[in-house]
Every structure is written in structure tokens, then in C-alpha cells.
1. For region 15-59, what is the Kirkwood estimate of the hydrodynamic radius, computed as the reciprocal of the mean inverse distance between distinct Cα atoms, to one decimal in Å?
2. Given the peptides 167-178, 13-24, 273-284, 54-65, arrange them by the average over their residues of other C-beta atoms within 10 Å, most packed first.
3. Based on Cα coordinates alone, diagonalise the gyration tensor for region 356-467, multiply each eigenvalue by 5, take square roots, and list the semi-axes in whole Å, largest first.
4. Kindly provide the pair-distance distribution of region 215-345 built from C-alpha pairs, with 10 Å bins from 0 and whole-percent values in order of increasing distance.
5. Order these peptides, 421-434, 197-210, by their mean beta-carbon neighbour count within 10 angstrom, highest first.
6. log10 I(q)/I(0), Debye, Cα-only the chain, no solvent, q = 0.07, 0.08, 0.10 Å⁻¹?
7. For region 286-357, state what percent of all Cα-Cα pairs lands in each successive 10 Å bin, counting from 0 Å until the bin that includes the largest distance.
8. By what distance, in whole Å, do the Cα atoms of region 81-236 stretch along each of the three principal axes, largest value first?
Ligand SMILES: [Zn+2]
């Protein structure tokens, strides 16, 4: 693609040739800004990176100011109750479209995940590198591409017209990758100034390269720590092994009660309030037709390893619309340090993904009851619950959804897939609630090959251009539906 050309699949909506041309012409510059942001290791999970998180917030603020937003600010909260510094939020707005035009809140986040095993990256995580049409780097897709999609769309309108067709507010969060722990405090302080008719979150995944996605369901998330104790202290395995139960065997037997041999959940009552699929929805999932080979290659499943779960439910239903319970960490001696000892105490962390419909308190209550009642050998089982948030789901449709569908269809040359997402964005429900149920558009910049959160994270560069175009077109599509969109 040369500096001024559009992707061949793009069909520019009538009357937007100037905006599309301005956006295409600026893409090399947009990409250079993205690379600048990727070079800043804004890892929110690491206290050592607080300065870098501040630097990424400051650079983001500068980009938003240069995109024509007014009163761009770093919004900072006081340190949390444990004294941790809260990574700054960046906000800005533009309200020159007049009272009749809808107000659109654009969301992205400027923090990134840690690099996992940095040595396993083909190129260093914070040195953006292009290979085969993809830009590799931590945050290249999730979600610094989301920030630049907002910047590219706003600039294209400003460059072509000197104004935007809608009023805009932007929020770029600095703590998304650690579960937005200070969001409630942030909303309590700033919800009024961020009030909008539609929320656009550019932080999701497209269905495939070249095939956009609009996400209408997110799973919720919860954590539980399980302590299993059998002895007051560890004892010699030779002297006492046999009649004396150890905590690790008890723990593995306890974890085994969570699933059957196929990997389907077996906690009694746990899935009772999962929202059943409608016929429409079942049809939509079937139309997307995720086959096992694609799943295997997307996640790099090893040869001979089967998929897990209830085979009567499709892979997509299992990924998006059903809950999971997965052990993700365990406190036991490392193999190199293990002695011939019966362990007295083992601690396990369970990661729970909650399905649409599930009440987190009910589901977790049922899980705790099951774990305590299933204790092998009468072991002492204690469960401590952590943060939790419910799943989010909307009915695909309505003026905002239609606007996004039109914008994506134009930018990508094909209609978006209505998707679920197995992951969680704790931000969505509280923001929608705070703005009187304003519709949320969850728009993709990633694709299944992006490997966000993993090693060799990457952005498909042509789809990135299409994501930027989507947003530029979306502003016009929303403006055209002003009468249907006004909210609180
Ligand atoms: Zn993200």
C-alpha cells in the first residue's frame, strides 16, 4: 500500500472520499506514532514501571491534543488503600458539533501486559518490528492500536473538514490489564464529565483477518484461592506414607471433582443460571463455524491433545457462552527442591470465567459449597474469594449497532461477525450503567493471530488501516442517526 491508497476491499461511503483520503495519506505517520507508544513499556502490573505508565499517558495526551481535542488532561487518583500509585487516565473532548449531534465516548487503554517470557519473542517486545505485513511488539495490538485508531479517525476529520460530525469524549485508561481496580473510584469522581450517548471500545478482536467483528457478549471473571490442609506440619513420606493423607494428593483429587473426563464442568448447580442460547444466536454461532483445526492452530494445541468440554455444545458456545473453572497457580515445593515429604498444606488459585446470565455471588457460593463438601479424606478446605465481575451481554441491533455494521462493512468490504468474547472487560458494564444504559460498541483491532497477552503479540497492518477507517466512517454513521441516539 502506498501512502495515499486505500485497502482494495474498502468501499468508501458516499460523501466521505475526502475523509478517507486524509486518513489513508496519514497512515505512515499514524503507524510511526503507534511504534513510539509501543517503545514505552507501560506494564501496569509492575510497580517498577510506574514512570513508564506515566510516560505513555503523557505521550497519549499529546497525540490527542494534536488530534484537535480540547482540555486533554491526565486524570489521577490518589494512591489506593495499599499505597500503590494509580496509572493515570487520559481524557479529552471536542464539543463543536452542536447540541443536536450525539456525544460519542471513545475508549482505549495505554497500559500493556508483562512480556511473559521475553526470550521467546522473535524480536524484542518493545522494539516494534514488521514481518509479513504484521507489526510485532507488546501493545502493538492490545491496545495501543486502539488509541491510534481514535487518533487517526479524529485527525482525518479535522484534516479534511476542520471539524467532527459528532461531539466526542475520549478516555484512555492506564489499568485495564490489571482489571481496572480503581474504576469505581474513577467513575465516582468523573462520570458526569464523561457522559455520552454511545460508548465505542476499540479493544476487541475481529473474527478473522479481513473479516471484522462486533462483540455483543463478554464473559465475567472471578478468582478463588483454595487452601487444603491435612496435617499440622509436613512429615517424612517413608515413615508415614500410606495411612497418612497428604495435602497435594487431596488437592488433586479435589480439583478432579470440578470436571468429568471430557473436561465438562460437574459442579452441581453451577451452570443453572447460564443464559440459554436463542435460536437466532445458535444460528449466528453456527454461521461462524469455528472448526477444530482452526482452533488447534490458533492456540497451538499440541499434536494428539484433544479439545475439552461438553461435546454437545459447539466450540464457540464453549468459548463465549459457557463458564469455566481453571487452576492457574499452586503453592507447592518446586521439583528441584522437593524432598520425600508428605505435604501438610497446598494452596491453589482458581480462575473462573462467568457466562452471560450467571449471578457471580450465586455461582461462587455454589462453587465454595461444592469444594468444601468434596474434601477428600476429610481434609480441611478453606476458600477465599477475590475480585469478581459479571458477564456483559447486549442484544445485537439498534441504531448504534447498525451504524457500526455500516461502517465496518464499508471499511472491510464485508459485514461484521456478531461475536462473543471469552475474556472480560470490567469497564463495560459500570460505564454503560453510569450513562443510563448507553449502548456500547465493542470494536476489533486484533485478530486471532494477534496473540495479545502472549509472546510475539502483533497487529495486522492492513486491518489496522481498516479499523481506523471504520472509526472515521462510524462517526458519520452515528451523526446520521442523531435522532435515535440521544440518551440521558
Ligand atoms: Zn486490551
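FYI, it's all coordinate maths here, none of it is from the lab. The structure displayed is predicted, hence computed values, not measured ones. As a convention, Cβ positions derive from the backbone with ideal geometry for all residues, glycine included, and neighbour counts pool all protein chains shown.
1. On the way: mean 1/r = 0.0812 Å⁻¹.
The Cα-based Kirkwood calculation yields 12.3 Å.
2. Values: 167-178: 24.2, 13-24: 18.0, 273-284: 13.7, 54-65: 21.2.
Top to bottom by mean Cβ count within 10 Å: 167-178, 54-65, 13-24, 273-284.
3. Values: eigenvalues 286, 82, 26 Å².
After diagonalising the Cα gyration tensor, the semi-axes are 38, 20, 11 Å.
4. Result returned by the calculation: 9, 30, 28, 19, 11, 4, 0.
5. On the way: 421-434: 19.6, 197-210: 23.1.
Highest-to-lowest ranking by the protection proxy: 197-210, 421-434.
6. -0.40, -0.52, -0.79
7. 15, 32, 27, 19, 7, 1
8. Principal extents (Cα only, largest first): 78, 45, 31 Å.
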